[in-house]
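Have a look at the structure below before the remarks.
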Amino acid sequence: MSYIDETIERVIQQNPSQPEFHQAVKEVLESIRPVIEKDEEKYRKNALLERLTTPERQILFRVPWVDDNGQVHVNNGYRIQFNSAIGPYKGGLRLHPSVNLGIIKFLGFEQVFKNSLTGLPIGGGKGGSDFDPKGKSDREIMAFCQSFMNELYKYIGANEDVPAGDIGVGGREIGFLYGQYKRLTNQYEGVLTGKGLSYGGSLARTQATGYGLLYITEEMLKANGIDLKGKTVVVSGAGNVATYAIEKAWQLGAKPVTCSDSTGWVYDPDGIDVALLKEVKEVRRARLTEYAAKKPKAQYHEGRGVWSVKCDVALPCATQNELLIDDAKALVKNGCIAVAEGANMPTTIEATQYLQQNGVLFIPGKASNAGGVATSALEMSQNSERLSWTFEEVDAKLKGIMINIFHNLDKAAKDYGYEKNYVVGANIAGFLKVLDAMNCQGIV
Ligand code: NDP
């Protein structure tokens, strides 16, 4: 059996009941097959793939907190420090009831290659909890965040591990987490990113993932002789990534017509009104029914369904495994020309393959949503030099990074004979740098 197949089998056996982690490992290892099979015996002897697929450190902890009625609750806390070959661990914290060890491991594994692709010195990690922030008071959120940090602070630091936000963790949560870290350690350092502007945050971090997604989409289309201007764009999600993807799509001359949340979705034939979306989701933290109530032409539908809307470009920006094989078929049937992932692993392997086989340009999240972590790394740089850059400076750097990522993965795909297969290109380009650093650092 080949070393890659052996490794996939071992990962499935050693990590039972973690389907998302298996899926992420399979996707990456299948893509790097051309690299590994060139020198399989050497890599096997060095147990390279065992080291690559086993986190350097896994931290699991109890998070007790008290609600507004005096009731005590206990949640599970996680921090997976996956790989530090090219820099301190870096990756977000996710607060969502669906969080479990397998999901955090899949996200941490993906993060290793994504961070490598940015060209910046950051390793890969991820964390979070099965705590559900929905419907909680600000005091309850603070109580949870403080309790979470009471344990996490032992394992993080500006040169060690620098968490950020993810689903359920925005500016409010980062603020509470940072305050508690400072209280416990007496250190005012860049230990978290996504901070508020008054205490070390970076301009353009909030917009970075969504903006970056559009910069790379525009570049990919350009490389294929297509102009983003005038295109109809379908977006899922209504959170941080989706909102700023919609905003930048407008700015680049495209028309975003949908958004969604975990209960339903909106189709607005006039294009999504960004100001209204921000008011509903960022300010009032309400459902999308409130968007539809204010826009007579917009249609609200319960459940999922954005992929059934006719479009040129599709941007899944909500969560993992939200674009399934039937959705891929609907997109192809409706003439979609490109899919760029804003979320992490939103497209199943089957759906990805169907899109690629039918000529749809497909760029995976580890490349296309890397703008968030890249700007987090720019926040770390600003914290280290104790300076703040202007919005325009950060945005220009972000754009440069996204364009670079596209050309690196495009080149890697061509070099290995997989032209236009941007999944293979992204995995190989991300992997080669990590491989080199791991080789130089010996068996650790
Ligand atoms: P948010 O929490 O801001 O928004 C998530 C959105 O997706 C919400 O609209 C939410 O609906 C919806 N959603 C969440 N879970 C589900 C589900 N199980 N089914 C259907 N809809 C769901 O998160 P972000 O925008 O920050 O993150 C979105 C994705 O992008 C995630 O995969 C994340 O890992 C990835 N990502 C985020 C980065 C960032 O900088 N924020 C960077 C790189 C990747 P509701 O409002 O009902 O909760």
The range 208-368 - charge dipole about Cα centre, Lys and Arg +1 at Cβ, Asp and Glu -1, debye rounded to 20: 220 debye
Descending Cα extents along the principal axes, the range 37-114, whole Å: 62, 19, 19
Loop GluC sites (Glu not before Pro), the range 18-48 (other Cβ atoms within 10 Å of the site Cβ: 14 or fewer; DSSP): GLU37
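Once you sort the root eigenvalues of the Cα gyration tensor of the range 248-308 as a ≥ b ≥ c, which label holds: rounded (a/c under 1.5), prolate (a/b larger than b/c) or oblate (the other case)?
Details: a/c = 1.57, a/b = 1.16, b/c = 1.35.
Oblate is the answer for the range 248-308, as a/c is 1.5 or above yet b/c matches or exceeds a/b.
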Residue-normalised accessible area of the chain, expressed per residue, 1.4 Å probe, Å²: 40 Å²
The chain: relative contact order as a whole-number percent, Cα under 8 Å and 6+ apart: 15 percent
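Given a cut-off of 24 Å, name the pairs among LYS90/LYS281; LYS229/LYS310; LYS195/LYS411; LYS248/LYS397 whose C-alpha atoms lie farther apart than that in the structure shown.
Numbers: LYS90/LYS281 27 Å; LYS229/LYS310 17 Å; LYS195/LYS411 35 Å; LYS248/LYS397 16 Å.
In this structure, LYS90/LYS281; LYS195/LYS411 lie more than 24 Å apart at Cα.
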Relative pair counts by distance (%), Cα atoms of the range 208-368, 5 Å bins: 2, 10, 21, 25, 22, 13, 5, 2, 0
Rounded to the nearest 20 debye, dipole of the range 1-80 from Cβ charges on Lys, Arg, Asp, Glu: 300 debye
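Give the carbon-plus-sulfur fraction of the accessible surface of the chain in %, rounded to a whole number; probe 1.4 Å, heavy atoms of protein chains only.
C and S atoms contribute 50 percent here.
Using Cα pairs under 8 angstrom and six or more residues apart, how large is the relative contact order of the range 136-211, in percent? Working shown, then result.
Working: 71 pairs, mean separation 22.9, N = 76.
Relative CO of the range 136-211 lands at 30 percent.
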Trypsin sites (Lys or Arg not before Pro) restricted to the range 331-391 and DSSP loop, no more than 15 other C-beta within 10 Å: ARG386
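Compute the Rg/Rh shape ratio of the range 98-160: radius of gyration over Kirkwood radius, all on alpha-carbon atoms. Intermediate results must be reported in sequence, preceding the final value.
On the way: Rg = 14.3 Å, Rh = 13.7 Å.
That ratio equals 1.05.
Are there trypsin sites (Lys or Arg not before Pro) in the range 264-331 that DSSP marks as loop and that have at most 11 other Cβ atoms within 10 Å, and which are they?
Values: sites: LYS278, LYS281, ARG284, ARG285, ARG287, LYS294, LYS297, ARG304, LYS310, LYS329; in loops: ARG284, ARG285, ARG287, LYS297, ARG304, LYS310.
The qualifying sites are ARG284, ARG285, LYS297.
Taking a quarter of the surface of the Cα convex hull of the chain, what do you get in nm²? Walk me through the numbers on the way to the answer.
Details: hull surface 82.7 nm².
Over every viewing direction, the Cα hull of the chain projects on average to 20.7 nm².
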Alpha-carbon centroids, the range 90-168 and the range 281-328: separation in whole Å: 26 Å
Dipole magnitude (debye, nearest 20) for the range 142-286, charges at Cβ of Lys, Arg, Asp, Glu: 240 debye
Simple label model, 7 Å out from Cα along Cβ direction - ARG51 to THR289, nm: 5.5 nm
Ratio Rg/Rh, restricted to the range 26-68 and using Cα atoms, in which Rh is the Kirkwood radius: 1.36
Computed over the range 210-278, Kirkwood Rh from alpha-carbon pairs, angstrom: 12.0 Å
ILE12 paired with HIS73, simple spin-label distance in nm, labels 7 Å along Cα-to-beta-carbon: 3.6 nm
Taking all pairs of distinct alpha-carbon atoms in the range 320-374, Kirkwood radius in angstrom: 11.2 Å
Positive dipole terminus of the chain, leading residue within ILE349, ALA374, TYR181 (C-beta point charges): TYR181
For the range 155-314, with +1 on Lys and Arg beta carbons and -1 on Asp and Glu, the positive-most of PRO296, VAL313, ALA286 along the dipole: PRO296
If the convex hull is drawn through the Cα atoms of the range 309-444, its volume per residue in Å³: 146 Å³
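The values are calculated or read from the model by the stated rules, or taken from the named source; none is laboratory data. All values reported here derive from a predicted model rather than from experimental measurement. All Cβ positions, glycine included, derive from the backbone under ideal geometry; neighbour counts span all protein chains shown. What goes into the accessible areas is simple: the full protein's heavy atoms, side chains included, and nothing from ligands, DNA or RNA. Shrake-Rupley method; radii C 1.70, N 1.55, O 1.52, S 1.80 Å.
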